[in-house]
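In what follows, a structure is listed as structure tokens, so that the remarks can point back to it.
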Amino acid sequence: MRVFHVVGARPNFMKLAPVHRALKQVPGIDQLVVHTGQHYDFNMSDVFFQELGMGAPDINLGVGSGSHAQQTAAIMAQFEPVVLNNRPDMVLVYGDVNSTVAAALVCSKLQVPVAHVEAGLRSFDRNMPEEINRLITDQLADILFTPSEDGNRNLEREGVPAERIHLVGNVMIDTLVQMLPSCEKHLPPGLPSKFALVTMHRPSNVDDPEWLSCLVKTLTDLSSDIDILFPVHPRTRERIHQLGMNGAGRIQWMDPASYLVFLALQKRATVVITDSGGIQEETTYLGVPCLTMRENTERPVTVTVGTNQLVGRDFARLKTEFRNILNGQSKKGSKPPLWEGKAADRIAQVLTSGYASTRAASA
Ligand code: UD1
């Protein structure tokens, strides 16, 4: 059985690692990792492959940046001949980035089965490019692996046949569980004893200069209460640079952090402020308070079960909740079901039992 994994952007890599490792244990499976090149900076891509012990991708399509249409089209055009030349039996796509939907589209037209890891998540906000990617990928996928119950309900409501949907848990947490014991030694030297950790890169938070400058002013204000560490995504860095605003307060602007460094920082942080999806999940697992600067989340379980609070696009609310946390009044949470480190094993089981029954049927 020949399995392709298609990844392209930073949040894909930690989802790929455990699935790749689990399938490696299964005799007769030949795996090939295709990196689309959507992310290409060393610290947005290569460092993750190194730290997660995956070796370099087998194929890199090198598509790079562009508008959504340009990037998605470039991935499709480059990926199609790879599929035609290698004829995979199954293609696994991860998460909700442009690489995910592009690969799913190519495969469905070539009638190559697609499995979507992290299926069913919905923010119900079609202004987010990721929501469009999720909706389309899930309509095209043959097998849908969900991280939480809400994913199953969303897919069933959209008419996806129940037999295609498998609740397996969260593969991102598989990687976290594996790497947590060794992350502490990657903490950067000279850290303040207490700090808040910030990440921000969504178009809704960084593309509008007026909004972004209010955000940076608010963070500068908050840094009078506690040091703030801010590893900056390239997209955010460029926007902040254009505003000329990266000088004030006790904010440490850092390059994007590697997986292990960022995990160690999250574990130590007093509070995390973010607009990322994956960080809402990781803080929930770690029990660290998280304030999400979005009006909605495709990961509601981090709010209903975990430590996440949506503060919306509301700076006054952000300040209030932030100060509550510093005063020891943080929201308590617990870990969602099946977020325990074995999601990839369950994925491997589903994929290989399907394969075994197909082989038996054709024998
Ligand atoms: C993408 C995903 C988003 C995910 C995020 C994680 C989509 C639609 N969005 O957004 O869901 O949360 O990755 O980081 O797929 N750039 C670099 N170096 C890089 C990569 C990007 O400098 O290695 C810069 C480029 O200027 C590029 C910009 O960042 O134009 C945005 O990159 P892009 O891949 O288009 O989207 P992200 O914002 O990273």
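Angle of helix 171-183 to the longest C-alpha principal axis of the chain, folded into 0 to 90 degrees and rounded to 10: 60°. Relative to the compact-globule estimate of 2.2 N^0.38 Å, the Cα radius of gyration of the range 194-240 comes out at 1.12.
Placing unit charges on the Cβ atoms only, positive for Lys and Arg and negative for Asp and Glu, gives the chain a dipole magnitude near 520 debye about its Cα centre. In whole angstrom, the chain maps to an equivalent ellipsoid with semi-axes of 35, 21, 19, each derived as √(5λ) from the alpha carbon gyration tensor and ordered largest first. Only the Cβ atoms of Lys and Arg (+1) and of Asp and Glu (-1) were treated as charged; on that basis the dipole of the range 146-195 about its Cα centre amounts to roughly 260 debye. Normalised by the number of residues in the chain, the mean separation of alpha-carbon contacts (under 8 Å, six or more apart) gives a relative contact order of 15 percent.
For the range 149-247, what class follows from the C-alpha gyration tensor (a ≥ b ≥ c being the square roots of its eigenvalues): rounded when a/c is under 1.5, otherwise prolate if a/b is larger than b/c, else oblate? Each step should come with its number before you reach the end.
Numbers: a/c = 3.03, a/b = 1.52, b/c = 2.00.
Note, shape of the range 149-247 comes out oblate.
With the charge dipole of the chain set up from +1 on Lys and Arg Cβ and -1 on Asp and Glu Cβ about the Cα centre, the Cα lying farthest toward the positive end among the listed residues 84, 279, 307 is that of 307. Using Cα pairs under 8 angstrom and six or more residues apart, how large is the relative contact order of the range 65-126, in percent? Over the range 65-126, the number comes to 35 percent. Bridging of residue 194 to lysines at a Cα separation below 23 Å is possible for 185, 217, 267, 319, 331, 332, once same-chain residues fewer than 8 apart are set aside. If you keep only loop residues by DSSP, which trypsin sites (Lys or Arg not before Pro) in the range 96-135 have at most 12 other Cβ atoms within 10 Å of their Cβ? Counting only loop positions with at most 12 other Cβ atoms within 10 Å, the trypsin sites (Lys or Arg not before Pro) in the range 96-135 are 126. Here the average projected area of the convex hull drawn through the C-alpha atoms of the range 225-266 stands at 3.3 nm². Looking at the range 1-103, none of the chymotrypsin sites (Phe, Trp or Tyr not before Pro) sits in a DSSP loop with at most 13 other Cβ atoms within 10 Å of its own Cβ. Just to confirm the number: angle between the C-alpha axis of helix 315-326 and the first principal axis of the chain, 0 to 90 degrees, nearest 10? Relative to the chain, helix 315-326 is tipped by roughly 80 degrees.
If you place +1 on the Cβ of every Lys and Arg and -1 on the Cβ of every Asp and Glu, how big does the dipole about the Cα centre of the range 83-158 come out, in debye to the nearest 20? Don't skip to the answer; put the middle values down first.
Values: 7 positive and 12 negative charges, 56 e Å.
Charge dipole of the range 83-158: 280 debye, to the nearest 20.
Measure nothing but the geometry: give the 0 to 90° angle between the long axis through the Cα atoms of 234-243 and the longest principal axis through the Cα atoms of the chain, rounded to 10°. In the chain, helix 234-243 runs at an angle near 30 degrees to the longest axis.
Listed by chain and number, the aspartates and glutamates whose C-alpha is less than 15 Å from the C-alpha of residue 342, apart from same-chain residues fewer than 8 away, are 118, 174.
Quick note: the coordinates plus some simple rules give every number you see, no bench work behind them. Source: prediction; values computed, not measured. Ideal geometry is used to build each Cβ from the backbone, glycine not excepted, and the neighbour counts take in all protein chains shown.
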